[in-house]
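S.K.: One structure follows; several queries about it will come next.
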Amino acid sequence: MSTQSITELMRVMQFGDSTLPVGGFAFSNGLESALQTEIVHDVKTLEEFVKVACAQAAGVEGVALLHAHKAYLDKDFDRLLEIDQELWLRRVGEEQQQMTVKMGKKFGELTNKFMGDEVMEKWVQAIRDEKTPGCFPIAHAITFAGQGLPARDAFAVHQYGVAAMILSAALRIMRVDHYQTQAVLFEVNKQADSDFERISNMQLDDMCGFAPIFDVLVTHHVNAHVRMFMN
C-alpha cells in the first residue's frame, strides 16, 4: 500500500518534518558520545554511524511500530499498551528511555489537538495516568493508522526521523556542512527498503537490535563532563 492522494502525501510529509515540535532537537541519538570517543570523526564514519543507527532502529522501534499499526486497525487498545511496554523495556539506558517517551508524549499531544482520534486521546490519557510509557514509534503508528495511512509510510517517516535527528546534531557539533549531511542522508535512505523487508514479518518477540557499541555510548554519555544533548 502507498499514499493514494495529494492530501495523504502531504500528511506524510507533515508528520516527517524535522521541524515538528516534538523535542527531537534536544537529542543526538548517541552521536555526541561517538564524537567524544572518536568513533565518529569525519563524514565517512558519520555515514556509517547513521546507517547502523537506522538498522538498529528498524529492528526495534520499526517492529513495534508495525505491530502497533496493526493493533490500531484491529481495535485492540490493550495490545497497543502491551507493545508500548515491550518497546520501552528494550531501550537500554535511562537516557534512551527518556528520549522515546518524551518525544512520544509530545507527538501524541500534538496530533491529538487536530486529529480528533479517540484512540490517540485514550493513549495520551493513559500516558498521563502512568498506565503506559508512551514511546515515540507507538505515537507514529496511531497517528498514521488513524489517518488511514499505511504502516509502510509510518515506517519510512520514523526511519527518516532517526537519520535526520543525528545529522541535525552533526551540523551543530561536527565540522560538516549541509551539503555533506544531505549527501549522507541520501545514501542512508537507500537502505530503508531492505530494512523494511527484513522486519516486515517479524513477531514482537523477535524485536531486537544487537549493537553493543550504542549501549556503551549511552553509558558514556551519562557520565560525560560536557553535554550539549539529552542523549
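The values are calculated or read from the model by the stated rules, or taken from the named source; none is laboratory data. Remember, predicted model here, so these are calculated numbers, not experimental data. Heads up, the Cβs are rebuilt from the backbone with ideal geometry, glycines too, and the neighbour counts pull from every protein chain shown. Each accessible area value is taken on the protein alone, full model and side chains, heavy atoms only, with ligands, DNA and RNA left out. Shrake-Rupley method; radii C 1.70, N 1.55, O 1.52, S 1.80 Å.
S.K.: Looking at the chain, identify the longest residue range that excludes and avoids all GluC sites (Glu not before Pro) in DSSP loops having at most 14 other Cβ atoms within 10 Å.
M.R.: Formally, the longest exposed-site-free interval is 131-231.
S.K.: In region 16-79, what percent of the accessible surface is made up of carbon and sulfur (1.4 Å probe, ligands and nucleic acids excluded)?
M.R.: Carbon plus sulfur share of accessible area: 55 percent.
S.K.: With N set to the number of residues, divide the alpha-carbon radius of gyration of region 63-109 by 2.2 N^0.38 Å and report two decimals.
M.R.: 1.18
S.K.: Could you give the dipole magnitude of the chain about its Cα centre, charging the beta-carbon of Lys and Arg +1 and that of Asp and Glu -1, in debye to the nearest 20?
M.R.: With Lys and Arg at +1 and Asp and Glu at -1, about 420 debye.
S.K.: Per q in 0.21, 0.23 1/Å, what log10 I(q)/I(0) does a Debye calculation on the alpha-carbon atoms of region 113-222 return?
M.R.: Cα-only, vacuum Debye calculation for region 113-222: -1.28, -1.30.
S.K.: Whose amide H sits under 5 Å from the amide H of residue 117, counting only residues 5 or more places off or on another chain, with H placed in the peptide plane?
M.R.: For residue 117, whose amide H was placed from the backbone, there are no distant partners under 5 Å.
S.K.: Oh, and also: Full-extension gain between residue 89 and residue 198, please, as 0.36 nm times their residue separation minus the C-alpha to C-alpha distance.
M.R.: Gain on extension, residue 89 to residue 198, equals 37.0 nm.
S.K.: Mind scanning 113/190; 51/122; 70/113 and naming the pairs with a C-alpha gap bigger than 30 Å?
M.R.: Going by Cα-Cα distance, 113/190; 51/122 fall outside the 30 Å limit.
S.K.: Helix by helix through the chain, keep the DSSP H runs that span 18 Å or more along the axis on Cα and average at least 0.5 on Kyte-Doolittle, and give those back in order.
M.R.: Flagged H segments are 43-57, 151-173.
S.K.: Hey, of (1) 47, 38, 32; (2) 64, 36, 30; (3) 53, 42, 32, which did the structure itself give for Cα extents along the principal axes in Å when calculated?
M.R.: Here the calculated entry is (1).
S.K.: Continuing with this model, one more query. By how many nm would the segment from residue 25 to residue 216 lengthen if fully extended, with 0.36 nm per residue of separation less the alpha-carbon distance?
M.R.: Gain on extension, residue 25 to residue 216, equals 66.6 nm.
S.K.: When the helices in the chain are scored as -39500 (n - 2.57) per DSSP H run of 4 or longer and the sum is shared across all residues, what 222 nm value do you end up with, to the nearest 500 deg cm²/dmol?
M.R.: Computed ellipticity for the chain at 222 nm equals -20500 deg cm²/dmol.
S.K.: Once R0 is set to 22 Å, what does the formula 1/(1 + (r/R0)^6) return for the Cβ-Cβ distance between residue 52 and residue 18, expressed as a FRET efficiency to the nearest 0.05?
M.R.: Calculated value: 0.60.
S.K.: Let me know the Kirkwood hydrodynamic radius for region 1-138, please, with Cα pairs as the basis and the value in Å to one decimal.
M.R.: Roughly 16.4 Å, rounded to one decimal.
S.K.: With a point put 7 Å past each Cα toward its Cβ, work out how far residue 114 is from residue 75 in nm, to one decimal.
M.R.: 2.8 nm
S.K.: In addition: Quote the FRET efficiency, to the nearest 0.05, computed for residue 82 versus residue 182 with a Förster distance R0 of 35 Å and r equal to the Cβ-Cβ distance.
M.R.: After rounding to 0.05, the efficiency reads 0.35.
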